[in-house]
Amino acid sequence: MLSLRGKTLFITGASRGIGKAIALRAAADGANVVIAAKTERENTKLPGTIYTAAEEVERAGGRALACVVDVRFEDQIRTAVDRTVAVFGGIDVLVNNASAISLTGTIETPMKRYDLMHQVNVRGTFACSQACLPHLMNAENPHILNLSPPLDLREEWFAPHLSYSMAKFGMSLCVLGMAGEFRAAGVAVNALWPRTVIATAAVQNLLGGEATLRGSRTPEVVADAAYVILTRPSRECTGQFLIDEEVLRSVGVTDFAKYQTVPGAALFSDLFV
């Protein structure tokens, strides 16, 4: 595998959870990490800010740039991308991690929530990719990684929460299309999704709380899998829909107990797998 030393990663939603875990894993190599997220001030329900995440990145051995970015707004994305290039000289990796969730049925989903999920998940992914691609095409080993599920059009994944599924599978369609569009340019575009529920603020606040957290893995399992993908040669690894556990097993990882929030607890499978 290659290293992320000296590489520049633009990670959306990196102030906490999976995004921050990916940032810290890259920082351990000595990477430059852009924390592109909304949170400037601490929130009791959402611990961590772009500034505290940047401090952690630098303590972990990387260089950090904290940028206030709400991916619903193109001007904020463009400004952050311009700052990234000015500070670090380019962009090697884009991780589209920012996401909004509401596991509600058609009648129960307010259109405001529908709009939020589609603006953040699929539109934000498209807009960030569009802004970063001119710089990625100049990079030595460029990658786009979307935190989105394998494409699967079975009814069971849509009927219970249609609007969320549409928004997340929209991110996966970006993988399908952009992988083909930019294959000749050497830009890898892949999706990564967890085998199990991951212990994040969304689980704590929206998806069952402490009971679900007990059956979850930590964000580090996704971060370690992302590292494997992002250090592969981009021309040899694109258009794939990958599961974190399978990625890690492919490089010889067999002990997943270290990733459990509660050792020995029964694990909950994530949606879409």
Contacts under 7 angstrom Cβ, first residue in segment 40-51 being closer than 15 Å to residue 21 by Cα, partner β-branched (Val, Ile, Thr), 6 or more apart: 48/39; 49/39; 50/35; 50/39; 50/68
Name, by its number, the condition in (1) touching a residue at least 40 places away in the same chain (Cβ under 8 Å); (2) open to solvent by 30 Å² or more (accessible area, probe 1.4 Å); (3) in a helix (DSSP H, G or I) that does not hold for residue 160. (3)
Is it the case that residue 32 is open to solvent by less than 70 Å² (accessible area, probe 1.4 Å), in contact with a strand residue (DSSP E or B) (Cβ under 8 Å, 6 or more places away or on another chain) and closer than 20 Å to residue 147 by Cβ? no
Would you be able to say whether some residue in segment 182-203 is out of contact with any Asp or Glu (no Cβ under 7 Å at 6 or more places or on another chain), more than 20 Å from residue 12 (Cβ to Cβ), in a helix (DSSP H, G or I) and open to solvent by 20 Å² or more (accessible area, probe 1.4 Å)? no
Within the set of pairs 6+ apart or on separate chains, which have a first residue in segment 241-258 that is without any contact (Cβ under 8 Å) to a residue 60 or more places away in the chain and part of a helix (DSSP H, G or I), a second that is surrounded by 11 or more Cβ atoms within 10 Å (Cβ to Cβ) and among the hydroxyl-bearing types (Ser, Thr, Tyr), and C-beta atoms under 8 Å apart? 245/196
Taking segment 163-177 as the region of interest, how many residues are out of contact with any Ser or Thr (no Cβ under 6 Å at 6 or more places or on another chain), open to solvent by less than 70 Å² (accessible area, probe 1.4 Å) and of a type outside the set (Phe, Trp, Tyr)? 5
Among the residues of segment 79-115, the number that are surrounded by 14 or more Cβ atoms within 10 Å (Cβ to Cβ) and of a type outside the set (A, V, I, L, M) is 15
Subset tally (residues that are among the β-branched types (Val, Ile, Thr) and more than 19 Å from residue 130 (Cβ to Cβ)) for segment 48-78: 5
First in segment 55-81 and without any contact (Cβ under 8 Å) to a residue 24 or more places away in the chain and assigned to a helix (DSSP H, G or I), second anywhere and of a type outside the set (Ser, Thr, Tyr) and open to solvent by less than 50 Å² (accessible area, probe 1.4 Å), Cβ under 7 Å, 6 or more apart: 76/69; 76/70
Every listed condition ((1) out of contact with any Lys or Arg (no Cβ under 6 Å at 6 or more places or on another chain); (2) farther than 24 Å from residue 45 by Cβ) holds for residue 186 save (1)
Apart from one, (1) open to solvent by 40 Å² or more (accessible area, probe 1.4 Å); (2) hydrophobic (A, V, I, L, M, F, W, C); (3) closer than 21 Å to residue 136 by Cβ; (4) not in a loop (DSSP other than H, G, I, E, B) all hold for residue 2; the odd one out is (4)
If I ask for residues that are assigned to a loop (DSSP other than H, G, I, E, B) and under 26 Å from residue 184 (Cα atoms), which ones from segment 94-142 would you list? 97, 137, 138, 139, 140, 141, 142
Please verify whether segment 213-225 includes one or more residues that are out of contact with any Phe, Trp or Tyr (no Cβ under 6 Å at 6 or more places or on another chain), modelled with pLDDT under 95 and assigned to a helix (DSSP H, G or I). yes
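The values are calculated or read from the model by the stated rules, or taken from the named source; none is laboratory data. For clarity, every value in this text was computed on a predicted model and none was experimentally measured. Don't worry about glycine lacking a Cβ; one is built from the backbone with ideal geometry, like all the others, and counts go over all protein chains shown. Surface accessibility is based on the protein's heavy atoms, side chains included, excluding ligands, DNA and RNA. Shrake-Rupley method; radii C 1.70, N 1.55, O 1.52, S 1.80 Å.
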